[in-house]
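Scroll down for the structure; my scribbles are underneath it.
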Amino acid sequence: MTCKIRKWKLSDAKDLAAAISNKKVQDNLRDGLPYPYTEQDGVDFISAMLAADENETFAFAITVDDKAIGSIGVFRQGNIHRRTAELGYYVAEEYWGKGIMTDAVKQICAYVFDNSDILRIYAEPFAYNAASCRVLEKAGFQYEGTLRSNAVKNEKVIDMKMYSFCRSL
């Protein structure tokens, strides 16, 4: 199964809500997302991504047959880290384990390196999320270490892992 990343469309809001209004998906994401996630939440998110500075926020829908099945974004950091960006992503549960996310990660990294001065893209998956760690490894990211007791998710203190992918100089 192949995927494409593309700019968001407001018409993706319903598919976005269906993908993210799933406790299993949200258990692997940072807090702050409404649950259940409504179509209006999707419209609000998509509107914000479309209005964002395209040199700071690289946000795309992950699509299969032009249907939005997930989200992927790279977000530039500030100050001395202004040429570093954080990667975040998720895909609807029915698309887990099909190689889609690895493909989407490769696509967005190529896009960011081709269209910006970003030198380093990093991701911090929860240590318990072995599938996400594997996605990053298959996409060419290097494991840098474990960030011990780095977050609280669902009232549990958890470790996170640090991965990075650097532009070839």
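The values are calculated or read from the model by the stated rules, or taken from the named source; none is laboratory data. Keep in mind that what you see is a predicted model, and the values were worked out from it rather than measured. Virtual Cβ from ideal backbone geometry, glycine too; neighbours counted across all protein chains shown. Side chains are part of the model used for accessible areas, which takes the heavy atoms of the whole protein and leaves out ligands, DNA and RNA. Shrake-Rupley method; radii C 1.70, N 1.55, O 1.52, S 1.80 Å.
Tell me the label-point distance for the pair N22, E94, using the 7 Å Cα-to-Cβ offset, in nm and rounded to one decimal.
0.9 nm
Using a Förster radius of 25 Å, what is the FRET efficiency between K106 and L33 based on their Cβ-Cβ separation? Nearest 0.05, please. List each step's numbers first, then the result.
Details: r = 25 Å, r/R0 = 1.01.
The pair K106/L33 has a calculated efficiency of 0.50.
Loop sites only, by DSSP: take the GluC sites (Glu not before Pro) in the chain that have at most 13 other C-beta atoms within 10 Å and name the longest stretch containing none of them. Show your work: numbers first, answer last.
Values: sites that count: E54, E155.
It works out to 55-154.
Using modelled backbone amide H atoms (1.01 Å from N, in-plane), which distant-in-sequence or interchain residues come within less than 5 Å of R6's amide H?
Under 5 Å from the amide H of R6 lie the amide H atoms of A61, T63, each far enough along the sequence or on another chain.
From the alpha carbon gyration tensor of the range 1-155, can you work out the equivalent ellipsoid semi-axes (sqrt of 5 times each eigenvalue) and give them in Å, largest to smallest? If you can, show how the numbers build up before the last one.
Working: eigenvalues 95, 75, 54 Å².
Taking √(5λ) for each Cα gyration eigenvalue gives 22, 19, 16 Å.
Could you give the dipole magnitude of the chain about its Cα centre, charging the beta-carbon of Lys and Arg +1 and that of Asp and Glu -1, in debye to the nearest 20?
Numbers: 22 positive and 23 negative charges, 90 e Å.
With only Lys, Arg, Asp and Glu charged at Cβ, the dipole is about 440 debye.
When the accessible area of the chain is computed with all protein chains present and a 1.4 Å probe, what percentage of it is carbon and sulfur? Display every interim value, and only then the final one.
On the way: 4540 of 9110 Å².
The computed percentage sits at 50.
Just to be sure I follow the definition: excluding the sites themselves, where is the longest run in the chain that has none of the trypsin sites (Lys or Arg not before Pro) in a DSSP loop with at most 16 other Cβ atoms within 10 Å?
99-166
Can you compute 3J(HN,Hα) from phi for each residue in the range 123-130, using the Karplus curve 6.51 cos²θ - 1.76 cosθ + 1.60 with θ = phi - 60°, rounded to whole Hz and x for Gly and Pro?
9, 10, x, 4, 4, 6, 8, 4
In whole angstrom, how far apart do the alpha carbon centroids of the range 1-61 and the range 95-166 sit?
18 Å
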